[in-house]
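Accompanying notes for the structure given below.
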Amino acid sequence: MSALRIYVPGDAASVACGADDIAMAIRAAAAAHKVSVQIVRNGSRGLHWLEPMLEVETDAGRIAYGPVEPADVDSVFAAMLADGGEHRLRIGVPEEHPFLKKQTRLTFARCGIVDPRSLEDYCAHGGYRGLNRALTKPAPIIDEITQSGLRGRGGAGFPTGIKWKTVAEANADRKYIVCNADEGDSGTFADRMIMEGDPFVLIEGMTIAGIAVGATKGYIYIRSEYPHAIDAMNDAISSGRRGGVLGSTVCGSTYAFDLEVRVGAGAYVCGEETALLDSLEGKRGQVRAKPPLPAHKGLFGKPTVINNVLSLATVPIIMDKGADFYKNFGKGRSRGTMPIQLAGNLKFGGLFETAFGITLGELVDDIGGGCFTGRPVKAVQVGGPLGAYFPRALFDTPFDYEAFAARDGLIGHGGIVVFDDSVDMAKQARFAMEFCSVESCGKCTPCRIGSTRGVETVDRIIKGIEREKNLSVLTDLCNTMKFGSLCALGGFTPYPVMSALTHFPEDFKPKDFGAAPHLEAAE
Amino acid sequence: MQTKISGWDANLATEVIAGHKDRDGAMLPILHGLQEVFGYIPEPAVPMVAEVLNVSRAEVHGVVTFYHDFREAPAGRHVLKICRAEACQATGCDALAARAEEKLGLKFGETSADGRVTLEPIYCLGLCSVSPSAMIDGRVVARLDEKKLDALIEETAR
């Protein structure tokens, strides 16, 4: 009898929920039952409230159980032995779970399914079909990406194909592909999940980018807060070299491409592409003025494609299935799918990939199930620390780049953080300014000084000191930061601040200080 | 994951620097390497890095002080990092952070006088769907509550 194959996610979220201990306990249970098991440390399926979610391979497909606590291991293992038998924690066939069934998984097609350490498994699940198609006719790669409508998934939403075309047309002795894996936004974890759960898709995407623009070297800049992702990418790159998909003859072709992981050092601003390039060059991560664009003068002054993990990880499926297949999903100018990350105070948090166009309300209430605290949802921050807070009144906003922009928000990297009614929005506005002041690279004045003045001004408003005057100072300051900052850190910090102020003005009323005029007189 | 930390050793520093110096943009890999070996960036290493990379000491100092990760003094034997970012705020990390400060008798960013533990904030471990989260000596912990936090604090006593 062949070994029983059991999947215990090795994704950091699962590990943080105890998956390593569960994997050890499964081994012990198997030894006690004298059963031979093969434990695969897969990525996470993204049903994070069910982590650690274990799966066993049966004749009827994979059967999942979760969330498995150490005390459940013996009984879950017994159920697994009974061909995926009944158990209080039995979820059944994962694909049949409504949370997964409602999704359209293109970028995340393999995440949680394959063994992230196995190039063979990646290929068995459709990996490298995109690259092989690209190799047969390298010229139209960029056309295909452009026609697919793929836009930068890091947040800026710039058309990926146009970026690539600019680099392809640039004349230089060396060009680079840089992957921005500095996923610093709170509420986002899709990059991490891809790197830990399906690292080869990123390698394939970067290789296709290299072939398309004529670059032979790529860097993946991963934040230091992601040790599991760093290990997973390094392992995958080594297997890629051994397997001939990286190196001097990519997949036996005449193209050369190799990758290197570089580790960040805890600076949020390095998620901004030009600061990231400076950091890669070994400098302080300071933002560069544009122009020149990185596509013309990027890493070490050479033409550089710099893309987010999700953008690059979406390239293989576009090349495999064609631009038309991809662009048929989505709405308006937001084509394809977006891996949305449901986080914070939600019953059902996790990764939900779906075509653009789903409304914020559907995501928060229907998919996310509302707050796990059982209290009403008060505010939802979309797009990370630089994203706007949305009240329930705006829950009809469809999830796409333009619709969010029209409501003074942004989708950013697709993170949604839900807060219940215990949140104090003035405190959140203050935090946004404070975060900006700590993380500012210091290069431009609106961000460096404005954020500090912003904290002080919010403090005065909360205390009721010259309230009206300070409200107009804050509004003016946000305006200056928005239009005067060099990059999105200073430029977008006004989004959380102003949205909190606009949608939740009651939270900015003085709390412990009685009436404001009295204090104004005392000032 | 407590790594073995070495006391200052110029030869060891030279070795670490030499191991990375030929990489393009070698500064960060060198500094990460030094911190891995010594637990921080020892001051005498700064001119050594400057010379090898042909940059000024000020430039190296500038890089060391720019990034939150690089320490100019050794951390405690245990490092407890609690995520303070929005997704963890939404699930109550502020109260847990205050509890950690109180129980350890430390403010964020401080190391205990006996060099046992350092308490630090971290801005996002990417565990936002299973928040609040923390990291102790490199190990990630999700769904942090008072009981789990107290266990982590107890761990730092060892």
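The values are calculated or read from the model by the stated rules, or taken from the named source; none is laboratory data. Just so it is clear, the structure is predicted and the values come from calculations on it, not from any experiment. FYI the Cβ positions are ideal-geometry reconstructions off the backbone, even for glycines, and counts take in every protein chain you see.
Within the stretch A:47-95, the residues that satisfy the criterion of being of a type in the set (A, V, I, L, M, F, W, C), touching a helix residue (DSSP H, G or I) at 6+ places or on another chain (Cβ under 6 Å) and assigned to a helix (DSSP H, G or I) are A:Val73, A:Phe77. The condition (being closer than 19 Å to B:Leu127 by Cα and either out of contact with any Phe, Trp or Tyr (no Cβ under 9 Å at 6 or more places or on another chain) or within 14 Å of chain B (Cβ to nearest Cβ) (or both)) is satisfied by just one residue among A:Ala156, A:Ala190, A:Ala170, A:Ala134: A:Ala190. Tallying residues that are more than 11 Å from chain A (Cβ to nearest Cβ), among the acidic types (Asp, Glu) and touching a residue at least 24 places away in the same chain (Cβ under 8 Å) within the stretch B:10-60 yields 1.
Quick grid of which residues meet (1) of a type in the set (A, V, I, L, M); (2) within 14 Å of chain B (Cβ to nearest Cβ); (3) more than 30 Å from B:Asp69 (Cα to Cα):
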{"residue": "A:Asp421", "(1), (2), (3)": "no, yes, yes"}
{"residue": "A:Gln428", "(1), (2), (3)": "no, yes, no"}
{"residue": "A:Phe431", "(1), (2), (3)": "no, yes, no"}
{"residue": "A:Phe435", "(1), (2), (3)": "no, yes, no"}
{"residue": "A:Ser440", "(1), (2), (3)": "no, yes, no"}
{"residue": "A:Gly454", "(1), (2), (3)": "no, no, no"}
{"residue": "A:Ile462", "(1), (2), (3)": "yes, no, yes"}
{"residue": "A:Arg467", "(1), (2), (3)": "no, no, yes"}
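Going by what's in this entry, would A:Glu204 be described as within 14 Å of chain B (Cβ to nearest Cβ) and of a type in the set (Asp, Glu)? So A:Glu204 fails the test. I'd like to know if the stretch A:169-177 contains one or more residues that are at pLDDT 95 or above and under 30 Å from A:Gly409 (Cα atoms). Yes, the stretch A:169-177 contains at least one residue that is at pLDDT 95 or above and under 30 Å from A:Gly409 (Cα atoms). Inside the stretch B:81-93, residues that are over 9 Å from the mean Cα position of the chain (by Cα), crowded, with 19+ Cβ neighbours inside 10 Å and more than 7 Å from chain A (Cβ to nearest Cβ) make up a count of 6. May I ask you to verify whether A:Val417 is assigned to a helix (DSSP H, G or I), within 25 Å of B:His68 (Cβ to Cβ) and either aliphatic (A, V, I, L, M) or modelled with pLDDT under 95 (or both)? Considered against the rule, which asks whether it is assigned to a helix (DSSP H, G or I), within 25 Å of B:His68 (Cβ to Cβ) and either aliphatic (A, V, I, L, M) or modelled with pLDDT under 95 (or both), A:Val417 comes out as no. Against the numbered list (1) surrounded by fewer than 22 Cβ atoms within 10 Å (Cβ to Cβ); (2) within 14 Å of chain B (Cβ to nearest Cβ); (3) in a loop (DSSP other than H, G, I, E, B), A:Arg448 comes up short only at (3). Would you call A:Asp115 within 22 Å of the chain's Cα centre (by Cα) and acidic (Asp, Glu)? Against the criterion (within 22 Å of the chain's Cα centre (by Cα) and acidic (Asp, Glu)), A:Asp115 qualifies. Restricting attention to the stretch A:229-278 and to residues that are polar (S, T, N, Q) and touching a residue at least 12 places away in the same chain (Cβ under 8 Å), the residue that is nearest to A:Thr493 (Cα to Cα) turns out to be A:Thr274. Inside the stretch A:96-126, residues that are charged (D, E, K, R) and part of a loop (DSSP other than H, G, I, E, B) make up a count of 5. The selection criterion, being crowded, with 23+ Cβ neighbours inside 10 Å, of a type in the set (A, V, I, L, M), within 14 Å of another protein chain (Cβ to nearest Cβ) and farther than 30 Å from A:Phe419 by Cα, holds for A:Ile220. Of all the criteria given as (1) among the small types (Gly, Ala, Ser); (2) part of a helix (DSSP H, G or I); (3) within 14 Å of chain B (Cβ to nearest Cβ), the one not satisfied by A:Gly210 is (3). Pairing each residue of the stretch A:168-183 that is touching a residue at least 12 places away in the same chain (Cβ under 8 Å) with any residue that is assigned to a strand (DSSP E or B) and surrounded by fewer than 22 Cβ atoms within 10 Å (Cβ to Cβ), provided the two are 6+ apart or on different chains, yields C-beta distances under 7 Å for A:Tyr176/A:Lys217. The set of residues in the stretch A:127-151 that are in contact with a strand residue (DSSP E or B) (Cβ under 6 Å, 6 or more places away or on another chain) and either among the acidic types (Asp, Glu) or part of a loop (DSSP other than H, G, I, E, B) (or both) contains only A:Gly149.
For A:Asp278, the criteria (1) within 12 Å of chain B (Cβ to nearest Cβ); (2) touching a Phe, Trp or Tyr at 6+ places or on another chain (Cβ under 9 Å) hold in every case but one, which is (2). Just so you know, in the stretch A:402-411 the residues that are out of contact with any Leu (no Cβ under 7 Å at 6 or more places or on another chain) and either within 14 Å of chain B (Cβ to nearest Cβ) or buried (at least 20 other Cβ atoms within 10 Å of the Cβ) (or both) include one that is nearest to A:Gly187 (Cα to Cα), and it is A:Ile411. Restricted to the stretch A:194-212, and to residues there that are touching a strand residue (DSSP E or B) at 6+ places or on another chain (Cβ under 6 Å) and among the hydrophobic types (A, V, I, L, M, F, W, C), the residue that is surrounded by the fewest Cβ atoms within 10 Å (Cβ to Cβ) is A:Met206. Looking at (1) of a type outside the set (Lys, Arg); (2) touching a Leu at 6+ places or on another chain (Cβ under 8 Å); (3) not in a helix (DSSP H, G or I), find the lone condition where A:Ile22 falls short. Against the list (1) of a type outside the set (Lys, Arg); (2) touching a Leu at 6+ places or on another chain (Cβ under 8 Å); (3) not in a helix (DSSP H, G or I), A:Ile22 comes up short only on (3).
Any residue that is farther than 30 Å from A:Gly210 by Cα, surrounded by 16 or more Cβ atoms within 10 Å (Cβ to Cβ) and touching a residue at least 12 places away in the same chain (Cβ under 8 Å) - is there at least one of those in the stretch A:128-149? Within the stretch A:128-149, not a single residue is farther than 30 Å from A:Gly210 by Cα, surrounded by 16 or more Cβ atoms within 10 Å (Cβ to Cβ) and touching a residue at least 12 places away in the same chain (Cβ under 8 Å). The condition (being touching a helix residue (DSSP H, G or I) at 6+ places or on another chain (Cβ under 9 Å), modelled with pLDDT of 95 or more and over 25 Å from A:Gly127 (Cα atoms)) is satisfied by just one residue among A:Gly374, A:Gly369, A:Gly350: A:Gly369. Residues that are at pLDDT 95 or above and in contact with a strand residue (DSSP E or B) (Cβ under 9 Å, 6 or more places away or on another chain) occur at least once in the stretch A:478-495.
Could you list all residues from the stretch B:61-80 that are part of a helix (DSSP H, G or I) and either at the interface with chain A (Cβ under 9 Å from one of its Cβ atoms) or touching a residue at least 24 places away in the same chain (Cβ under 8 Å) (or both)? The answer is B:Gly62, B:Val63, B:Val64, B:Thr65, B:Phe66. For the stretch B:58-78, does any single residue satisfy the condition of being over 20 Å from the mean Cα position of the chain (by Cα) and either farther than 18 Å from B:Ile122 by Cα or surrounded by fewer than 17 Cβ atoms within 10 Å (Cβ to Cβ) (or both)? For the stretch B:58-78, residues over 20 Å from the mean Cα position of the chain (by Cα) and either farther than 18 Å from B:Ile122 by Cα or surrounded by fewer than 17 Cβ atoms within 10 Å (Cβ to Cβ) (or both): present.
Among residues of the stretch A:35-46 being surrounded by fewer than 24 Cβ atoms within 10 Å (Cβ to Cβ) and in contact (Cβ under 8 Å) with a residue 40 or more places away in the chain, the one that is farthest from the chain's Cα centre (by Cα) is A:Val35.
Within the stretch B:118-139, being in contact with a helix residue (DSSP H, G or I) (Cβ under 6 Å, 6 or more places away or on another chain) and surrounded by fewer than 24 Cβ atoms within 10 Å (Cβ to Cβ) holds for one residue alone: B:Ile136.
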